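Enquirer: First the structure, then my questions, so here it is.
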Amino acid sequence: MLNDVSSCPPDEPPASCPAGPDREFRSAGRGYWSDVSATDWNDWRWQLKHRITRLEQLERLLPTLTPEERAGSVLANHKLAMAITPYFFNLIDPADEHCPIRRQVIPRLEETQTAAWEMTDPCGEDSHSPVPGLIHRYPDRVLFLVTDRCAAYCRYCTRSRLVSNAAGYDFHPEFDRQIGYIESHPEVRDVLLSGGDPLLLSDDKLGHLLGRLRAIPHVEFLRIGTRIPVFLPQRITPALCALLRQFHPLFVSIHSNHPRELTTEVRDALGRLADAGIPLGNQSVLLRQVNDDAEIMKVQVQKLLRCRVRPYYLYQCDLIAGSAHLRASVRRGLEIMESLRGHTTGYAVPTYVIDAPGGGGKVPVSPEYILSRNNNRVLIRNYEGRVFEYPEADDGRPLFQAPLAIEEPQLV
Ligand code: SF4
């Protein structure tokens, strides 16, 4: 049942949004759902059943809904459905129309505007798909799409052509054919389960699928890409963790973009996964007016480490149709990387990548630290901007004499 904000108990307010990034872990609280029993609230199936999916619900919960959001919510069902778990909804600041949580999950009218360079399949996945639901783009690994459903829908989703089925893609994974392909390709040593969100499968179905993949002798390594720990931490039950730990080596990549998403509930869910021996990484998408800020990103990566999650990738937003309003510049991304490297723990620094449009794969992009080099020396700068020379080794022959100076530095 939905409650008025004013009825929230004082210890569980709806998301309060401190000025600036919040370093502390806070509960999302019950907020609008304060009279729901703890049993229901902590039941992931209850959360899914009570998602916000309709404009009338949004209007009731968010009196500050803007005309752009209202129009976007009406049109979303023809592009990428709207769905927000009650838990995640409580992280939205109802008073702030620019709330970084709100921008990620509430549709906006701008989604209907497509720039000339935007695409419905920006990573060229469909052209690298030998069987439905399987993408084989890199030599030794495949992407295995498990479902087209997610706990909530990200407005910038690179797979929005198929996720939620609002656009009529009619995605039907065929597990037998997907597994058969892997069995007949011994070069595939790494399988990444994604979707949609694989952790939406029941424990039984997920265990069965992981078991079949683990039984393929040349599959060395399994991965799951999921945003469930962030959208629906209630799903990370002890039973799920006990199931997953049977399939090691199994890595999990989560998807969190903003420090406010890292609540006590999320921290505890991630702790359960880590306690099950699962190495955890995070993939963030650089998003305009969400996390395109050096201070926000620094707090985000530091909080991730405290959750035992290694920041893995920072993605430049793919050229998905209707995402221009959420796309930050590469220049801004490079500035953020510059502000992290050397200024915080190395483990906290993700790799910034652009997924090359049309299917070229991930290309790492980085601020330039090599100023010039020749056969004798490398000229480098550090995070403070100080310049150093490093003698270049002559491969196969130890270097004992001072190498020649760089006379005409060649910019690389
Ligand atoms: S959780 Fe992942 S697959 Fe689902 S909508 Fe978000 S980005 Fe897309």
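The values are calculated or read from the model by the stated rules, or taken from the named source; none is laboratory data. None of the values given here were measured: they were computed from a predicted structure. When we count neighbours, we look across all protein chains shown, and the Cβ atoms used for this are built from the backbone with ideal geometry, even at glycine. What goes into the accessible areas is simple: the full protein's heavy atoms, side chains included, and nothing from ligands, DNA or RNA. Shrake-Rupley method; radii C 1.70, N 1.55, O 1.52, S 1.80 Å.
Enquirer: Restricting to the stretch 88-121, give me the number of residues that are open to solvent by 50 Å² or more (accessible area, probe 1.4 Å), touching a helix residue (DSSP H, G or I) at 6+ places or on another chain (Cβ under 9 Å) and of a type in the set (A, V, I, L, M, F, W, C).
Expert: Count: 1.
Enquirer: Could I ask something else about it? Does the stretch 152-166 include one or more residues that are more than 10 Å from the ligand (Cβ to nearest atom) and of a type in the set (A, V, I, L, M, F, W, C)?
Expert: So the first thing to find is which residues in the stretch 152-166 are more than 10 Å from the ligand (Cβ to nearest atom), and the list is 161, 165-166.
From what's left, of a type in the set (A, V, I, L, M, F, W, C): 166.
Looking through the stretch 152-166, at least one residue is more than 10 Å from the ligand (Cβ to nearest atom) and of a type in the set (A, V, I, L, M, F, W, C).
Enquirer: Could you say whether any residue in the stretch 202-215 is within 16 Å of the ligand (Cβ to nearest atom), under 18 Å from residue 44 (Cβ atoms) and free of Cβ contacts under 8 Å to residues at least 40 places away in the same chain? Working first, answer last.
Expert: Step one: filter the stretch 202-215 for residues within 16 Å of the ligand (Cβ to nearest atom), giving none.
No, the stretch 202-215 contains no residue that is within 16 Å of the ligand (Cβ to nearest atom), under 18 Å from residue 44 (Cβ atoms) and free of Cβ contacts under 8 Å to residues at least 40 places away in the same chain.
Enquirer: Identify, please: which residue in the stretch 216-235 is over 13 Å from residue 198 (Cβ atoms) and among the β-branched types (Val, Ile, Thr) and is, among those, nearest to the ligand (Cβ to nearest atom)?
Expert: Among those residues, the one meeting the criterion is 230.
Enquirer: Touching a residue at least 12 places away in the same chain (Cβ under 8 Å), within 15 Å of the chain's Cα centre (by Cα) and over 23 Å from residue 103 (Cα atoms): which single residue out of 262, 232, 280, 286 fits that description?
Expert: Of 262, 232, 280, 286, the one residue that is touching a residue at least 12 places away in the same chain (Cβ under 8 Å), within 15 Å of the chain's Cα centre (by Cα) and over 23 Å from residue 103 (Cα atoms) is 280.
Enquirer: Looking at (1) within 16 Å of the ligand (Cβ to nearest atom); (2) under 20 Å from the mean Cα position of the chain (by Cα), find the lone condition where residue 76 falls short.
Expert: Every condition holds for residue 76 apart from (2).
Enquirer: Enumerate the pairs (first residue in the stretch 330-347 and free of Cβ contacts under 8 Å to residues at least 40 places away in the same chain; second residue anywhere and assigned to a helix (DSSP H, G or I)) with beta-carbon separation below 8 Å, excluding pairs fewer than 6 apart on the same chain, so at least 6 apart or on different chains.
Expert: Correct list of pairs: empty, since none qualify.
Enquirer: Also, I was wondering about something else. I'd like to check something: does the stretch 90-99 contain any residue that is of a type in the set (Val, Ile, Thr) and free of Cβ contacts under 8 Å to residues at least 40 places away in the same chain?
Expert: no
Enquirer: If we keep just the residues of the stretch 34-53 that are touching a residue at least 12 places away in the same chain (Cβ under 8 Å) and in a loop (DSSP other than H, G, I, E, B), which is surrounded by the fewest Cβ atoms within 10 Å (Cβ to Cβ)?
Expert: 35
Enquirer: Of the residues 169, 181, 156, 87, which single one is within 30 Å of residue 243 (Cβ to Cβ), touching a strand residue (DSSP E or B) at 6+ places or on another chain (Cβ under 9 Å) and of a type in the set (Ser, Thr, Tyr)? Step through it out loud before you land on a result.
Expert: Values: 169 fails: touching a strand residue (DSSP E or B) at 6+ places or on another chain (Cβ under 9 Å); 156 fails: within 30 Å of residue 243 (Cβ to Cβ); 87 fails: touching a strand residue (DSSP E or B) at 6+ places or on another chain (Cβ under 9 Å).
Answer to the check: 181.
Enquirer: Report yes if some residue within the stretch 175-191 is touching a residue at least 40 places away in the same chain (Cβ under 8 Å), in contact with a Phe, Trp or Tyr (Cβ under 8 Å, 6 or more places away or on another chain) and within 16 Å of the ligand (Cβ to nearest atom); otherwise report no.
Expert: The answer is no, given that none of the residues of the stretch 175-191 is touching a residue at least 40 places away in the same chain (Cβ under 8 Å), in contact with a Phe, Trp or Tyr (Cβ under 8 Å, 6 or more places away or on another chain) and within 16 Å of the ligand (Cβ to nearest atom).
Enquirer: Still on this structure, please answer the following. If you go through the stretch 374-387 one residue at a time, do you hit one that is within 30 Å of residue 291 (Cβ to Cβ), touching a residue at least 12 places away in the same chain (Cβ under 8 Å) and among the hydrophobic types (A, V, I, L, M, F, W, C)?
Expert: No, every residue in the stretch 374-387 fails to be within 30 Å of residue 291 (Cβ to Cβ), touching a residue at least 12 places away in the same chain (Cβ under 8 Å) and among the hydrophobic types (A, V, I, L, M, F, W, C).
Enquirer: Could you check residue 322 against (1) under 25 Å from residue 222 (Cα atoms); (2) surrounded by 23 or more Cβ atoms within 10 Å (Cβ to Cβ); (3) more than 14 Å from the chain's Cα centre (by Cα) and say which number it fails?
Expert: Just one mismatch for residue 322, condition (1).
Residue by residue, here is whether (1) β-branched (Val, Ile, Thr); (2) over 16 Å from residue 233 (Cβ atoms); (3) open to solvent by 10 Å² or more (accessible area, probe 1.4 Å) holds:
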| position | (1), (2), (3) |
| --- | --- |
| 255 | no, no, yes |
| 261 | no, no, no |
| 269 | no, no, no |
| 279 | no, yes, yes |
| 288 | no, yes, yes |
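Enquirer: So residue 330 fits all but one of (1) farther than 14 Å from residue 292 by Cα; (2) open to solvent by 20 Å² or more (accessible area, probe 1.4 Å); what number is the exception?
Expert: (1)
Enquirer: Now, a different point. Just wondering, is there one or more residues in the stretch 262-276 that are at pLDDT 95 or above, more than 19 Å from residue 86 (Cβ to Cβ) and of a type in the set (Asp, Glu)?
Expert: Yes, there is a match, as at least one residue in the stretch 262-276 is at pLDDT 95 or above, more than 19 Å from residue 86 (Cβ to Cβ) and of a type in the set (Asp, Glu).
Enquirer: I would also like to ask the following. Could we say that residue 350 is farther than 30 Å from residue 112 by Cβ, in contact (Cβ under 8 Å) with a residue 60 or more places away in the chain and not charged (D, E, K, R) here?
Expert: So residue 350 fits the description; yes.
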